[in-house]
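The values are calculated or read from the model by the stated rules, or taken from the named source; none is laboratory data. Note that this is a predicted model, so its numbers are computed, not measured. Cβ placement follows ideal geometry from the backbone for every residue including glycine, while neighbour counts extend to all protein chains displayed.
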Ligand code: UT7
């Protein structure tokens, strides 16, 4: 028997401590004016002390499960999207399972699609629900970027952009109008080193996973070719979403709300311009959280629900782009 999948409930969480652009002016050689003009970011939240990625995920998942009216006993798969896990291995899905007291024996999967993590995860969850193999899938995107950023003037081009946060959704069987219409997933590995963290890693020329030399060269911090990423993000997000809409014989007018990845307000404005989307239909959160990578889409979805901009029955177009390069899109009826 074939099933359709739908989002049963959404949750999100960001750590309490917010850092404004003015706070960053004191740490990095930057300015509120530069950050706002170039990115649209006003503040981001960063964890304190020993708070981990899965600590944030737990809070987002509890809200999502409560809203979905499912208990930890009902979850039969976890899909965890992150680039900043608690530990190198095992994956965050296993640590989250233990923290949420989800019974032994379920499937736990970590995926590494960075900013496209939630889009990939939603498509994977959709397939497992459609096949009938799983009934309630906990999909979470969570990041603790702050512990992996070069928060000195040397790292300013990347460090001002990223925030910590988590977003989660319970994906289950649809019994009516709400459903995942479809998804498109893409990658182009030729650009893998345009946005990456080289170390620790077994692919390093030195033959070591990590060394003091690598630390001295700051290879454990992200490198990004910002302009290259920007150009590709605009082109690929617009392309994926328009192809997906066309394959479902949909036009921009058929879509009620657009949730784009939150990397730069200028990227989203350009995507909207190319697709001729009225800006009132695009829900952005970057001003408040910065780029929370795998968490941007579910955080945006939850904020849109809270703001009354998203309701059951609305058609939502989702698109994201990130390291890999990876990119993709989903269309859902919420
Ligand atoms: O989530 C997916 C991955 N990320 C993205 O999608 C991000 C895509 N890229 C971008 O959003 C933009 O490229 C950035 C916001 C990262 C940078 O904006 P830009 O307009 O491309 O600036 P730029 O990197 O070309 O730098 C312009 C200037 C440089 O100075 P000079 O060489 O013109 O004198 C930089 O040194 O801005 C300087 N700069 C800064 N100044 C103040 C770079 N970072 C900062 C900073 N504060 N934080």
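Rundown of residues vs (1) touching a residue at least 40 places away in the same chain (Cβ under 8 Å); (2) outside the structural domain of residue 79 (by TED's automatic domain parsing); (3) in contact with a strand residue (DSSP E or B) (Cβ under 8 Å, 6 or more places away or on another chain), yes/no style:
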residue	(1), (2), (3)
270	no, yes, no
274	yes, yes, no
290	yes, yes, yes
293	yes, yes, yes
296	yes, yes, yes
302	yes, yes, yes
| remark: Given (1) over 15 Å from residue 60 (Cβ atoms); (2) away from the ligand (no atom under 16 Å from the Cβ), residue 152 misses just (2)
| said: Need pairs with beta-carbon distance below 6 Å; first residue closer than 29 Å to residue 122 by Cβ and within region 145-173, second modelled with pLDDT under 95 and more than 13 Å from the ligand (Cβ to nearest atom); sequence gap 6+ or separate chains. | reply: 173/3
| Given the conditions (1) in a loop (DSSP other than H, G, I, E, B); (2) closer than 24 Å to residue 144 by Cβ, which single one is not true for residue 70? | (2)
| task | Examine region 276-285 for a residue that is within 11 Å of the ligand (Cβ to nearest atom) and at pLDDT 95 or above, and state whether such a residue exists. | result | no
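Residue-by-condition table, conditions (1) within 14 Å of the ligand (Cβ to nearest atom); (2) within 15 Å of residue 320 (Cα to Cα); (3) assigned to a loop (DSSP other than H, G, I, E, B); (4) not assigned by TED's automatic domain parsing to the domain that holds residue 154:
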{"site": "198", "(1), (2), (3), (4)": "no, no, yes, yes"}
{"site": "201", "(1), (2), (3), (4)": "no, no, yes, yes"}
{"site": "205", "(1), (2), (3), (4)": "no, no, yes, yes"}
{"site": "214", "(1), (2), (3), (4)": "no, no, no, yes"}
{"site": "234", "(1), (2), (3), (4)": "yes, yes, no, yes"}
{"site": "239", "(1), (2), (3), (4)": "no, yes, no, yes"}
{"site": "243", "(1), (2), (3), (4)": "no, yes, no, yes"}
{"site": "253", "(1), (2), (3), (4)": "no, no, no, yes"}
{"site": "263", "(1), (2), (3), (4)": "yes, yes, yes, yes"}
